[in-house]
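Below you'll find the structure, written out as C-alpha cells, and then a few comments.
The values are calculated or read from the model by the stated rules, or taken from the named source; none is laboratory data. Just so it is clear, the structure is predicted and the values come from calculations on it, not from any experiment. Reconstructed Cβ throughout: ideal geometry from the backbone, glycine too, with neighbour counts over all protein chains shown. Protein only, heavy atoms only, side chains kept; ligands, DNA and RNA dropped before computing areas. Shrake-Rupley method; radii C 1.70, N 1.55, O 1.52, S 1.80 Å.
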Amino acid sequence: MDDLLRLDDQLTPEQRMIRDAVRSFVADRVLPDVADWFEEAVFPARELAPQLGALGVLGMHLDGYGCAGLDAVSYGVACRELEAGDSGLRSFVSVQGSLAMFPIWKYGSEEQKQEWLPRMAAGEAIGCFGLTEPDQGSDPAGMRTIAKQDPSGDWILNGAKMWITNGSVADVAIVWAQTDDGIRGFVVPTDTPGFSAPEIHKKMSLRASVTSSLYFDDVRLPASAVLPGVTGLKGPLSCLSEARFGILWGVLGAGHACLESAVDYAKTRLQFGKPIGAFQLTQEKLAWMAVALEQAGLTALHLGKLKDAGTLKPHQISFGKLANVRAALDIARQARSVLGANGITLEYPVIRHMNNLESVLTYEGTQEVHLLTLGKVLTGLDAFR
Amino acid sequence: MNIVVCVKQVPDTATERKLRPDDKTLDRDAVDGVVNELDEYAVEEALRLKEAHGGEVTVLTMGPAKATETIRKALAMGADKAVHLSDDALHGSDALSTSYAMAQALKKIGFDLVILGSESTDARTGVLAAMLAERLGAPQLTLARKVEVNGSAIAIERITDYGYDKVEATLPAVVSVVEKINEPRYPSFKGIMAAKKKPVEALGIADASVDASAVGLAAAYSEVAEFAAAPPRAAGTIVKDEGDGGVKAADFLASKKFI
C-alpha cells in the first residue's frame, strides 16, 4: 500500500531504524499470535516484557537507569509500530514507560530510581499506575483512596482503583492517594500485605491486555514509599500527558493496519466479476480513510517536533489524542465495512483494532474531557468546574 | 579475532524491483534498500563469535552512498566499525569484478575471518564467498549452518542435499552462512543510538588499490542482454475428477517430470 504523503521521509535515519526494529519485532513475535491472545483474553506479559526490554522499548524516552534516552518522535514512531500489532501491546508499553517508570524517574528519590528503573527498563519488573477509581474517572480530584501517616512515620493506604492496565501482573504499583497534604504518589510493591489485584473479565475490548482492580486494605508502607518530588494532581496528570503523547502516535498504527487490510481485501475480493476495490463506493471509503490517516500522521509528527523542542502544551496533546483516536476509530469502522462479513472475524485484524479503539477513545482522558479542554482554551470558559 | 562481515544492500524484496532501461543494471534509486537477509545472519554469527572469543567485528559494504543505511543497521546490531567501498567506477560490476574489488579491500583491512551470507536476494549468484576465498588464497567454508572456532582452527557444518558435511580449515578463512545458522538479533534502541558514533571509513577504488579498468559495467564478463517484465500469472487448468482424478494428477506430475 502506498504511503500517500511519505511522511516517514521526514524521519531521521535513526528514527527509521527504530521503526524497522519495532516493526520486525511485532511481525515476528506478536502478529502470529495476537488474534489468539485476543480470543483467549490473555496477554503473555512475563514472556514479552524481557524481550521488549532487550529491544529498548520500556522507558525508551527516559534518560539513564538503563533507559534508551530517545527523542519524542522516536518514542512516537515506536508506539505506532507497537499498536499496529495491537493496542494492548502498546498499552503495556505506555503504562510501563510513561505511567509507572516516568513518575519514579521524574518525582522519585534516588533510592526509588535505583531500585526500580533498571529492572523495569529490562522488563524484569512490571509496573502499573493507579489513579482511576470505581467512582472517579474523569474527575480524579475526588478520589477516595487515602494514605495516612501513623506516629512511626509509616503510611497506611486504604481504598480501591479500577481499570488498571497490568495490575494483576505488576511487581510495583504507582498509587495516587489523598493525604493531609493533598494528593501524593506512592511506590507500592505488589507483594505488600493488604494489596490485591484481581483481573477484570468479560471485556470486549483490549482483550490482549491485563486489566485489573486494585484493593488496598491497610497496606503499610515505609515513609520512603512516597514520591518526594510532587504533591497534587499535577503529578498524575503529567504522567498522563506522557502516555497520551504515545497514544496519539500509537493509534496511527492501528489505523494503518486497518487501512492496509481493507486495501488488500478490496483488491482481491471479487463481486460482480471484478475486485470490490474497482467500485467507486469502495474507493471513496479507502480514499477518505487514507486522508484521515495521513492527517493524523501530520498531527502526530508536528506534536512530536513540538515535544522535542520542549514547547508542547497539554491542550495540544488533548488535540492530538482526541483527533487521532477519532480518526483511527473511523478508519477501523470503515475498514470493517469494506471487509463485509470477514470484517467481524479475527482472521483479519480489523475488528480487533476496532474494539480496542473503543477503549482507547475513553482511557487517558475521554473524548469528552479533551473536547472540553479545547473548548476552554478557545473560550476561556471552564465547562467542567 | 579480527572478523570482517561482508554486507550488501539489496532492494526490499517486498517491493517491485526494476532494472534501469539505460544500462540494464538494477535501479537502486527506485526502491528502498535493506540489508540482504542472509547477511544479517552473517552479522549475527560474527557478533556471537566475537562474544565468545573476543576481537573486533568490521562491516565491509560495497555499494553506492545510499548503502550507508545498511552499514548503520549492522553497526546498530553491534558491529564495531565499518568500511564503505564506494566509487562510481564500481557501478555495474559483475560477480567476478565485485569479488576482485572486495578482495582488495579485505587485504587492506586485514582479517582472521571473513563471513558473509551465502547469496544475495537480488543477483542470487551465490558465488562471492568462493571467489573471495580464491582471490585471498584462503580456505572457503561455504553454506555453513554451524561455525566453531578453536584457536586458529575453524570447523563448520556445510548443508547439503542429503544432510551436512563437516568441513575444517585453518584461519584465516572465508565462511558463508545459511539461514539455519542462528536467529539474528533486533538492533536495540541503545545500539541504534550508539551506531551513530561508530567509525565508518570511506574507501575509493584507489584507496583499495583496485584497478579501474578491471571493474564496472565495461569490465563485466557477464551482460544483461535483454529483459522483460514477468508475464501476469496465467489462469490455472481445472481438471474435473470423474473417478480418475488420481490418474490425472499423476499424469500432470509426470508431464512436468516431478514423478
Residues of the range A:292-305 classified as in contact (Cβ under 8 Å) with a residue 40 or more places away in the chain and either under 14 Å from A:Val251 (Cα atoms) or open to solvent by 60 Å² or more (accessible area, probe 1.4 Å) (or both), total: 9
Does B:Lys240 count as within 14 Å of chain A (Cβ to nearest Cβ), loosely packed, with under 12 Cβ neighbours inside 10 Å and either out of contact with any Asp or Glu (no Cβ under 9 Å at 6 or more places or on another chain) or polar (S, T, N, Q) (or both)? no
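Out of the residues in the range B:87-98 that are open to solvent by 40 Å² or more (accessible area, probe 1.4 Å) and in contact (Cβ under 8 Å) with a residue 24 or more places away in the chain, state the one that is farthest from the other protein chains (Cβ to nearest Cβ).
Result: B:Leu96.
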Taking the range A:344-376 and keeping only residues that are among the aliphatic types (A, V, I, L, M) and either outside the structural domain of A:Ser318 (by TED's automatic domain parsing) or assigned to a loop (DSSP other than H, G, I, E, B) (or both), one is left with A:Leu346
Looking only at the range B:10-42, count how many residues are closer than 15 Å to B:Thr68 by Cβ, open to solvent by 40 Å² or more (accessible area, probe 1.4 Å) and at pLDDT below 85. 3
Looking only at the range A:178-199, which residues are surrounded by fewer than 15 Cβ atoms within 10 Å (Cβ to Cβ), of a type outside the set (Asp, Glu) and touching a Ser or Thr at 6+ places or on another chain (Cβ under 6 Å)? A:Gly182, A:Pro198
Which of the residues belonging to the range A:2-32 are over 24 Å from A:Glu294 (Cβ atoms), exposed (fewer than 15 other Cβ atoms within 10 Å of the Cβ) and more than 9 Å from chain B (Cβ to nearest Cβ)? A:Pro32
Options A:Asn158, A:Asn166; residue that is within 16 Å of A:Gln96 (Cα to Cα) and either touching a residue at least 24 places away in the same chain (Cβ under 8 Å) or open to solvent by 20 Å² or more (accessible area, probe 1.4 Å) (or both): A:Asn166
Conditions: (1) within 14 Å of chain A (Cβ to nearest Cβ); (2) open to solvent by 40 Å² or more (accessible area, probe 1.4 Å); (3) not hydrophobic (A, V, I, L, M, F, W, C). B:Thr70 meets all but one. Number of the miss? (2)
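Has the range A:38-57 got any residue that is modelled with pLDDT of 95 or more, under 20 Å from A:Lys307 (Cα atoms) and buried (at least 24 other Cβ atoms within 10 Å of the Cβ)?
Checking the range A:38-57: at least one residue is modelled with pLDDT of 95 or more, under 20 Å from A:Lys307 (Cα atoms) and buried (at least 24 other Cβ atoms within 10 Å of the Cβ).
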Kindly establish whether A:Arg80 is open to solvent by 10 Å² or more (accessible area, probe 1.4 Å) and under 29 Å from A:Thr362 (Cβ atoms). yes
Restricting to the range A:360-372, what's the tally of residues that are in contact (Cβ under 8 Å) with a residue 40 or more places away in the chain and either surrounded by fewer than 21 Cβ atoms within 10 Å (Cβ to Cβ) or among the hydrophobic types (A, V, I, L, M, F, W, C) (or both)? 6
Number of the exception - A:Thr145 against (1) more than 28 Å from A:Asp86 (Cα to Cα); (2) among the polar types (S, T, N, Q); (3) open to solvent by 20 Å² or more (accessible area, probe 1.4 Å): (3)
By residue number, the members of the range A:265-276 that are closer than 15 Å to A:Asn342 by Cβ and either open to solvent by 80 Å² or more (accessible area, probe 1.4 Å) or polar (S, T, N, Q) (or both) are A:Lys267, A:Thr268, A:Arg269, A:Leu270, A:Gln271
Identify the residue in the range B:203-222 that is assigned to a loop (DSSP other than H, G, I, E, B) and in contact with a strand residue (DSSP E or B) (Cβ under 9 Å, 6 or more places away or on another chain) and, among all such residues, is surrounded by the most Cβ atoms within 10 Å (Cβ to Cβ). B:Val210
Just checking, which of B:Ala76, B:Ala101 is open to solvent by less than 30 Å² (accessible area, probe 1.4 Å) and closer than 28 Å to A:Gly56 by Cβ? B:Ala76
Filter the range B:167-185 down to residues that are touching an Asp or Glu at 6+ places or on another chain (Cβ under 6 Å) and in a strand (DSSP E or B), then give me how many there are. 1
Of those in the range B:47-67 that are more than 14 Å from every other protein chain (Cβ to nearest Cβ) and out of contact with any helix residue (DSSP H, G or I) (no Cβ under 9 Å at 6 or more places or on another chain), the residue least open to solvent (accessible area, probe 1.4 Å) is B:Leu49
For the range A:166-191, give me each residue that is of a type in the set (Ser, Thr, Tyr) and not in a helix (DSSP H, G or I). A:Thr179, A:Thr190
Just to check your reading of the model, which residue among A:Glu83, A:Glu40, A:Glu115 is away from every other protein chain (no Cβ under 14 Å), acidic (Asp, Glu) and touching a Lys or Arg at 6+ places or on another chain (Cβ under 6 Å)? A:Glu83
